[in-house]
Amino acid sequence: MKVSLGQKILSRNEECASQNRDFFNKHKIVCLNVISSPGAGKTSLLVRTITDLRERLQIGVIEGDIETDNDAQKILAAGAQAFQIQTKGACHLSAEQVYNALKMIDAEKMNLIFIENVGNLVCPSAFDLGEGRRVVILSVPEGDDKPAKYPGTFAGASVVLINKIDLIEHLDFNLQRVLADIHTVNPNAKIFQLSAKTGQGMEAWYDWLKEQIET
Amino acid sequence: MHETMVAESILRAITEQAEKVGTRPISAVISCGQFNTLNDEIMRFAFETAAAGTVCEGMRLKIRHIPLRAACRKCNTVFEFDVYKPNCTQCGSQESQIQPDAPLLLEEIEFEEPQ
């Protein structure tokens with residue numbers, strides 16, 4: 001006996017994501033889901049962003065890692081509220097984890113909430129967390145073939161940050177190829193080239209953030 | 001290994017149906033888009049592991065992959081999109097708009113016939 005369903009498999013995650021989205025809309029919070037490989041500079045970028053914008057904006061961070069609360073400690077030291085989710089092996093965050101984590105910070109007081117997903121260019125992109133927008137970070141030392149190798153992740157990004165741009169002259173990184181490959185899967189993505197270490201290019205990223213908050 | 005969470009979600013959905021139907025599930029068909037990046041072997045392994053000791057133990061899982069499609073901005077042809085050869089199959093243009101990827105769906109479950 002066959003039963004036809006056509007039912008969404010991740011419906012429970014989607015229900016939770018939509019609760020998160022309602023919460024962000026109700027409190028006029030811009031929420032960004034930050035996805036990259038391990039070591040692309042997600043935490044460094046957030047630390048720099050918080051340091052430069054904390055006078056003007058209330059920023060909260062939900063950190064996702066397999067183990068340790070190292071990243072949340074760095075965010076707290078930079079002057080923002082943070083809550084660390086330890087996934088104990090899971091390679092991505094779920095909407096339910098984010099829902100619970102939002103209760104651990106003064107979320108409703110924030111203008112901007114970053115969700116720093118587990119470092120991984122594959123799995124996080126399959127799970128909606130209720131974020132307003134997705135930010136994918138690609139760092140120059142990872143190589144210029146990443147948008148072609150992980151098209152799904154880049155296709156879902158509103159913004160792509162090409163980080164560690166200060167290293168480009170020392171490495172064989174074909175920027176034109178990266179820009180073309182991102183354009184192929186996602187012609188609407190905003191792309192910023194920057195360095196969280198030197199500060200190069202950060203102003204354009206901040207302008208984009210402010211635009212999101214004002215609109 | 002996001003397949004683990006997918007497997008747990010499939011298991012939950014099948015178990016709910018099995019309670020309604022009242023017989024053992026034998027097989028299920030799921031479908032997914034390209035950006036779900038589901039690997040067949042890992043998906044089956046994750047499901048087998050999750051199903052052990054439940055009413056779903058020993059079930060077969062069929063995975064149907066739905067191709068990604070894009071619409072050409074020049075000639076409007078809708079074609080199967082290959083990220084590594086993104087040209088329109090009709091006019092050759094590289095300017096196209098990818099259509100939404102297929103969602104992850106539990107399509108069908110086959111149950112044993114009631115005695």
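The values are calculated or read from the model by the stated rules, or taken from the named source; none is laboratory data. Note that this is a predicted model, so its numbers are computed, not measured. Please note: Cβ atoms are built from the backbone with ideal geometry, for glycine as well, and neighbour counts cover all protein chains shown.
For (1) at pLDDT 95 or above; (2) within 19 Å of the chain's Cα centre (by Cα); (3) not hydrophobic (A, V, I, L, M, F, W, C), each residue gets a yes or a no:
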position	(1), (2), (3)
A:I115	yes, yes, no
A:V135	yes, yes, no
A:L138	yes, yes, no
A:G143	yes, no, yes
A:K164	yes, yes, yes
A:F173	yes, no, no
A:Q176	yes, no, yes
A:V185	no, yes, no
Any residue at all in the range A:86-94 that is away from chain B (no Cβ under 13 Å) and either of a type outside the set (F, W, Y) or closer than 24 Å to A:V159 by Cβ (or both)?
yes
Do the conditions hold for A:N13, that is, is it within 14 Å of chain B (Cβ to nearest Cβ) and either under 30 Å from A:D145 (Cβ atoms) or outside any strand (DSSP E or B) (or both)?
yes
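Conditions (1) crowded, with 21+ Cβ neighbours inside 10 Å; (2) in a helix (DSSP H, G or I); (3) among the acidic types (D, E), marked per residue:
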position	(1), (2), (3)
A:Y99	no, yes, no
A:E108	no, yes, yes
A:F114	yes, no, no
A:L121	yes, no, no
A:S125	yes, yes, no
A:I137	yes, no, no
A:P147	yes, yes, no
A:G152	no, yes, no
Any chance you could count how many residues in the range A:177-215 are farther than 16 Å from A:D52 by Cβ, among the small types (G, A, S) and out of contact with any helix residue (DSSP H, G or I) (no Cβ under 6 Å at 6 or more places or on another chain)?
1
Would you check if A:L32 is assigned to a strand (DSSP E or B), within 26 Å of A:K164 (Cβ to Cβ) and aliphatic (A, V, I, L, M)?
yes
Under 8 Å between Cβ atoms, which residue pairs at least 6 apart in sequence (or on different chains) link something in the range B:90-114 that is more than 7 Å from every other protein chain (Cβ to nearest Cβ) and buried (at least 18 other Cβ atoms within 10 Å of the Cβ) with a partner that is of a type in the set (F, W, Y) and part of a strand (DSSP E or B)?
B:S96/B:F79
Take A:K88 and tell me if it is surrounded by fewer than 16 Cβ atoms within 10 Å (Cβ to Cβ) and modelled with pLDDT under 95.
yes
Taking the range B:1-44 as the search range and keeping residues that are in contact with an Asp or Glu (Cβ under 8 Å, 6 or more places away or on another chain) and surrounded by fewer than 18 Cβ atoms within 10 Å (Cβ to Cβ), which one is nearest to the other protein chains (Cβ to nearest Cβ)?
B:T23
